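Below: one structure, written as structure tokens.
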Amino acid sequence: MVKSTIIARVVDGLPLAASMDDEQAESELAGYKSQAKAIFKKLNSQSEPMCSIESGPYYLHYLLDQGVCYLCICDKSFPRKLAFNYLDELAKEFYMSYGSEIERANLRPYAFIKFDTFIQKTKRIYEDSRTQQNLSKLNEDLRDVTQIMTKNMEDLLWRGGSLDRMNALSDRLRDHSEKYRKDARRLNLEALYRKYGIPAAIILGFLLILYLRFKVF
């Protein structure tokens with residue numbers, strides 16, 4: 001069954017709406033909701049439009065539509081077709097209700113929390129995959145879920161963290177390299193000054209005296 005739902009803006013990961021889960025579900029799913037937020041941070045316009053991410057006893061299914069990510073946490077036994085049908089219904093209703101407001105710059109987190117009413121209503125419809133209505137959805141839906149990418153949460157987060165660390169290391173190395181070049185340039189100038197500075201000053205002084213002497217006399 002669908003355990004929890006979160007809706008977020010793709011461009012910046014801002015949470016727009018979410019299901020109001022009971023205290024037990026909130027406690028059980030806290031870690032998985034944190035993983036969902038980590039997924040939102042990695043998404044961009046080039047991300048897979050539909051994806052299933054395996055994490056422990058659950059799948060985190062997400063659907064990208066019109067710049068919004070619709071994500072649900074489901075039991076592994078819950079059919080993927082139903083999960084994506086569920087997300088598709090949310091996407092259509094959410095965009096119809098709030099599509100003109102999604103890109104507002106001053107939106108606060110969970111600005112559309114009232115959408116939970118529709119989430120809960122739709123969630124109840126999909127609660128039991130064995131109901132006649134949902135069996136009909138499974139049979140009628142033409143979506144080929146085998147083409148939807150499946151990832152492992154640990155690999156996803158580890159690879160993302162690794163890339164972040166590599167980028168940070170690259171930035172530090174670039175900064176250190178630039179600092180080294182500046183220090184080397186300064187040390188070279190100081191060495192040249194120590195080696196040739198005094199003789200050059202003497203020669204310049206001697207030439208200046210000759211110049212003044214011939215100019216005056």
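The values are calculated or read from the model by the stated rules, or taken from the named source; none is laboratory data. All of these numbers come straight from a predicted model, not from anything done at the bench. Backbone-built Cβ (ideal geometry, glycine too); neighbour counts: all protein chains shown. For the accessible areas, the whole protein counts, side chains as well, though only heavy atoms, and no ligand, DNA or RNA atoms are used. Shrake-Rupley method; radii C 1.70, N 1.55, O 1.52, S 1.80 Å.
Descriptive notes on the structure:
- Checked against the criterion of being in contact (Cβ under 8 Å) with a residue 12 or more places away in the chain, touching a helix residue (DSSP H, G or I) at 6+ places or on another chain (Cβ under 9 Å) and part of a loop (DSSP other than H, G, I, E, B), the candidates Ile119, Ile102 yield just one match: Ile102.
- Scanning the stretch 105-116 for residues that are open to solvent by 40 Å² or more (accessible area, probe 1.4 Å) and in a helix (DSSP H, G or I) yields a total of 2.
- Criterion violated by Leu16 - all others in (1) in a loop (DSSP other than H, G, I, E, B); (2) in contact with a helix residue (DSSP H, G or I) (Cβ under 9 Å, 6 or more places away or on another chain); (3) more than 20 Å from Lys76 (Cα to Cα) satisfied: (1)
- Taking residues in the stretch 77-89 that are under 15 Å from Ile6 (Cα atoms), and partners anywhere that are among the hydrophobic types (A, V, I, L, M, F, W, C) and open to solvent by 30 Å² or more (accessible area, probe 1.4 Å), the pairs with Cβ atoms closer than 9 Å and at least 6 places apart or on different chains are Phe84/Met50; Tyr86/Ile125; Leu87/Met50; Glu89/Phe118; Glu89/Ile125.
- Here the stretch 58-77 is the region considered, the condition is being more than 20 Å from Pro109 (Cβ to Cβ) and in contact with a strand residue (DSSP E or B) (Cβ under 7 Å, 6 or more places away or on another chain), and the residue that is most open to solvent (accessible area, probe 1.4 Å) is Lys76.
- Number of positions in the stretch 38-49 that are of a type outside the set (S, T, N, Q), without any contact (Cβ under 8 Å) to a residue 40 or more places away in the chain and exposed (fewer than 14 other Cβ atoms within 10 Å of the Cβ): 2
- Only one entry of Ala8, Ala83, Ala91 meets the criterion of being at pLDDT 95 or above and surrounded by 20 or more Cβ atoms within 10 Å (Cβ to Cβ), and that entry is Ala8.
- For the condition among the small types (Gly, Ala, Ser) and in contact with a Leu (Cβ under 9 Å, 6 or more places away or on another chain), Ser52 qualifies.
- Residues in the stretch 189-202 that are open to solvent by less than 100 Å² (accessible area, probe 1.4 Å) and modelled with pLDDT of 70 or more: Pro199, Ala200, Ala201.
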